[in-house]
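As structure tokens, the structure follows; a few thoughts come after it.
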Amino acid sequence: MKFPRKFATGALCATLAGLVLQGGAALGSEAKEAQPAAPAKQESVARKSPGDVIVKVNGEAITRGEVDRAMKVLLSQRNMTLDQLPAEVRTQAEEATVEQLISAELLYQAGKKVESKDLDKQVEEKIAQSRAKFGKPEEFAAALKSADLTEAELKVLTVKDVVINNYIEKEIAAKVTVTDAETKKFYDENQEKFKQSESVRASHILCGVDAKADADAKKKAKEKAEALLKKIKAGEDFAAIAKSDSTCPSSAQGGDLGFFGHGQMVKPFEDAAFALKPGEVSGVVETQFGYHIIKLTDKKAAETLKYEDVKEKIADYLKNQKIQKDIDALLKDLRGKAKIEKI
């Protein structure tokens, strides 16, 4: 098992602040006493003692605490913990994390040389956006605690995140262009990426019963489904019955499940749904979840998406590829000129 060198997509997400702001909601649940926020320019606040230093980048220290903290957040994005990793993989994860933090530090040092207008305001706005993603203040505090961060440290790291993003945007992204000829060429050469298989849109009514339930319970659930089917055949509204009688959470939407393709539903349900024509209602269909009544509301044949419909997405994809390539080239240049000391 190999551990990827890049946890996040591109260098724009390379700093711990960016990762916490994007994925913090998935972290722990215990709150940590909030610390006073530090001024944006005091970037030394997040540093640990010299004894914790494991690498220096042009004299700036990256500490054991920072690496462990970043690993924890990065792994949480993959629904993993350090305890789940074999020793060899953990070593790979640590090496990858150190490389990410070195890249972030190099970009930050380069970014500091370029003026960032309204830096303090941008930092405050980004932290405010992060807070807004959490339902309660204590949930935000819990995410910080789980990432071993105080609010002061988060602010310092957010400064780095904003400086890096501003630098990449100004020095790289703003200069990258994608032509119509490039998007058309990609579309023509990657037709398989734009093929969509047959799909259907269906609503259902579920009379749920546990697969391990006794015969009597299953019989009652089936009889209820059959009684509801009679009402539908008699002209009663399918959606109204779904809202009042279905045990599936989709009842709130009148039983609507949206579009789905082959392989997305359990086989008995899928077979019944795809056999229907739009507007038709199935008989009672049994699955491990109970007894269903299915109504097909729409069907889409297999097709290849038109170029005009995907042109903008292709352009975004190609632009991001170019940006990443330029970031990689920039980092190679910065690393070649930097003094990186692994301790």
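Quickly run through segment 253-308 and pick out the residues that are of a type in the set (F, W, Y) and outside the structural domain of K212 (by TED's automatic domain parsing). So that I can check it myself, show each step before the final result.
Going through segment 253-308, the residues of a type in the set (F, W, Y) turn out to be 259-260, 269, 274, 289, 291, 307.
Across segment 253-308, the qualifying residue is only Y307.
With the checklist (1) without any contact (Cβ under 8 Å) to a residue 12 or more places away in the chain; (2) over 30 Å from L106 (Cα atoms) in hand, flag the one item K332 doesn't pass.
(2)
Which condition number does L149 fail, the rest of (1) of a type outside the set (F, W, Y); (2) at pLDDT below 95; (3) surrounded by 14 or more Cβ atoms within 10 Å (Cβ to Cβ); (4) assigned to a helix (DSSP H, G or I) being met?
(4)
Do the conditions hold for K155, that is, is it out of contact with any Ser or Thr (no Cβ under 6 Å at 6 or more places or on another chain), basic (K, R) and crowded, with 17+ Cβ neighbours inside 10 Å?
Numbers: out of contact with any Ser or Thr (no Cβ under 6 Å at 6 or more places or on another chain): yes; basic (K, R): yes; crowded, with 17+ Cβ neighbours inside 10 Å: yes.
Spelling it out, K155 is indeed out of contact with any Ser or Thr (no Cβ under 6 Å at 6 or more places or on another chain), basic (K, R) and crowded, with 17+ Cβ neighbours inside 10 Å.
Out of segment 203-252, which residues are touching a residue at least 60 places away in the same chain (Cβ under 8 Å) and either of a type in the set (K, R) or not assigned by TED's automatic domain parsing to the domain that holds E286 (or both)?
Answer for segment 203-252, where residues must be touching a residue at least 60 places away in the same chain (Cβ under 8 Å) and either of a type in the set (K, R) or not assigned by TED's automatic domain parsing to the domain that holds E286 (or both): K222, K224.
Among the listed residues T179, T63, T81, T91, identify the single one that is closer than 29 Å to L318 by Cβ and surrounded by fewer than 21 Cβ atoms within 10 Å (Cβ to Cβ).
Every option except T179 fails the conditions.
Which of the residues belonging to segment 169-205 are of a type outside the set (D, E), closer than 30 Å to L276 by Cα and part of a loop (DSSP other than H, G, I, E, B)?
Taking segment 169-205 and keeping what is of a type outside the set (D, E), we get 170, 172-179, 181, 183-187, 190-191, 193-197, 199-205.
With closer than 30 Å to L276 by Cα added as a condition, the list becomes 191, 193-197, 199-205.
Residue satisfying the conditions is S197 alone.
Just checking, which of K313, K295, K319, K231 is modelled with pLDDT of 95 or more, in contact with a helix residue (DSSP H, G or I) (Cβ under 7 Å, 6 or more places away or on another chain) and either of a type in the set (F, W, Y) or not in a strand (DSSP E or B) (or both)? Break it down stepwise before answering.
On the way: K313 fails: in contact with a helix residue (DSSP H, G or I) (Cβ under 7 Å, 6 or more places away or on another chain); K295 fails: either of a type in the set (F, W, Y) or not in a strand (DSSP E or B) (or both); K319 fails: in contact with a helix residue (DSSP H, G or I) (Cβ under 7 Å, 6 or more places away or on another chain).
One residue alone meets the criteria, K231.
Answer yes if at least one residue in segment 100-113 is surrounded by fewer than 17 Cβ atoms within 10 Å (Cβ to Cβ) and modelled with pLDDT under 90, and no otherwise. Talk me through it step by step, then tell me what you get.
Keep residues of segment 100-113 that are surrounded by fewer than 17 Cβ atoms within 10 Å (Cβ to Cβ), which gives 112-113.
From what's left, modelled with pLDDT under 90: none.
No, because not a single residue in segment 100-113 is surrounded by fewer than 17 Cβ atoms within 10 Å (Cβ to Cβ) and modelled with pLDDT under 90.
Please indicate, with yes or no, whether at least one residue in segment 94-109 is more than 25 Å from the chain's Cα centre (by Cα) and not in a helix (DSSP H, G or I).
From segment 94-109, those more than 25 Å from the chain's Cα centre (by Cα) are 106, 109; that's our starting set.
Subset that is not in a helix (DSSP H, G or I): none.
Among the residues of segment 94-109, not one is more than 25 Å from the chain's Cα centre (by Cα) and not in a helix (DSSP H, G or I), which makes the answer no.
The values are calculated or read from the model by the stated rules, or taken from the named source; none is laboratory data. Please read all numbers here as calculations on a predicted model, not as lab measurements. A quick note on method: Cβ atoms are made from the backbone with ideal geometry, for glycine too, and the neighbour counts reach across all protein chains shown.
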